[in-house]
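Participant: Have a look at this one.
The values are calculated or read from the model by the stated rules, or taken from the named source; none is laboratory data. No experiment lies behind these values; they were computed from the predicted model shown. Using ideal geometry, Cβ is built from the backbone for each residue, glycine included, and neighbour counts are taken over all protein chains shown. Surface areas here come from the heavy atoms of the whole protein model, side chains and all, with no ligands, DNA or RNA. Shrake-Rupley method; radii C 1.70, N 1.55, O 1.52, S 1.80 Å.
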Amino acid sequence: MRKHRGVTEDLVNMLEHPTAAIVQEKGCWALINLAINDANKVTIAARGGVEVIVAAMREHRTAEGVQKYGCGALCNLAEAAENRCAIAAATSM
């Protein structure tokens, strides 16, 4: 098993494979866990993580795992007040 490298690796994988639901699901799951840490909440948002998560959820509307873990990641990110505007903007239609 390879060692997990963190936020940047997860976001790059998600950006490189936008149509692969399993990559998006695993990426969102990893971001849920990384976003437990307060510093990571800010880092993920600053590196475009909110937009990447929302794009995954829009691309894979019927993929239960992407939807579940995407929502979880956004919930964890929203715990940081400075991320709420970015989440609102990214999720508005």
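Participant: Go through (1) open to solvent by 60 Å² or more (accessible area, probe 1.4 Å); (2) touching an Asp or Glu at 6+ places or on another chain (Cβ under 8 Å) one by one and return the number of the condition E59 breaks.
Facilitator: Failed condition: (2).
Participant: Sticking with this structure for a sec: Does T19 satisfy the condition of being modelled with pLDDT under 95 and open to solvent by 20 Å² or more (accessible area, probe 1.4 Å)?
Facilitator: Considered against the rule, which asks whether it is modelled with pLDDT under 95 and open to solvent by 20 Å² or more (accessible area, probe 1.4 Å), T19 comes out as no.
Participant: Moving to a separate point now. State all residues of segment 68-93 that are in a helix (DSSP H, G or I), more than 14 Å from E25 (Cα to Cα) and not polar (S, T, N, Q); if no residue qualifies, say none.
Facilitator: If the condition is that a residue be in a helix (DSSP H, G or I), more than 14 Å from E25 (Cα to Cα) and not polar (S, T, N, Q), then C75, L77, A78, A81, E82, R84, C85, A86, I87, A88, A89, A90 are the ones that fit.
Participant: Further question: Test each condition in (1) surrounded by 20 or more Cβ atoms within 10 Å (Cβ to Cβ); (2) modelled with pLDDT of 95 or more for D10 and report the one that comes out false.
Facilitator: Result: D10 fails condition (2) only.
Participant: Consider segment 47-67. How many of its residues are without any contact (Cβ under 8 Å) to a residue 40 or more places away in the chain and more than 14 Å from V12 (Cα to Cα)?
Facilitator: Residues flagged as without any contact (Cβ under 8 Å) to a residue 40 or more places away in the chain and more than 14 Å from V12 (Cα to Cα) within segment 47-67 amount to 8.
Participant: Let me ask something else. Just the residues that are assigned to a helix (DSSP H, G or I), under 17 Å from A20 (Cβ atoms) and basic (K, R), please, taken from segment 34-67.
Facilitator: R58
Participant: Within segment 68-93, work out how many residues are without any contact (Cβ under 8 Å) to a residue 24 or more places away in the chain and of a type in the set (A, V, I, L, M, F, W, C).
Facilitator: Adding up the residues that qualify gives 8.
Participant: In segment 68-93, what count of residues is obtained for those that are among the charged types (D, E, K, R), surrounded by 13 or more Cβ atoms within 10 Å (Cβ to Cβ) and over 16 Å from A21 (Cβ atoms)?
Facilitator: Adding up the residues that qualify gives 1.
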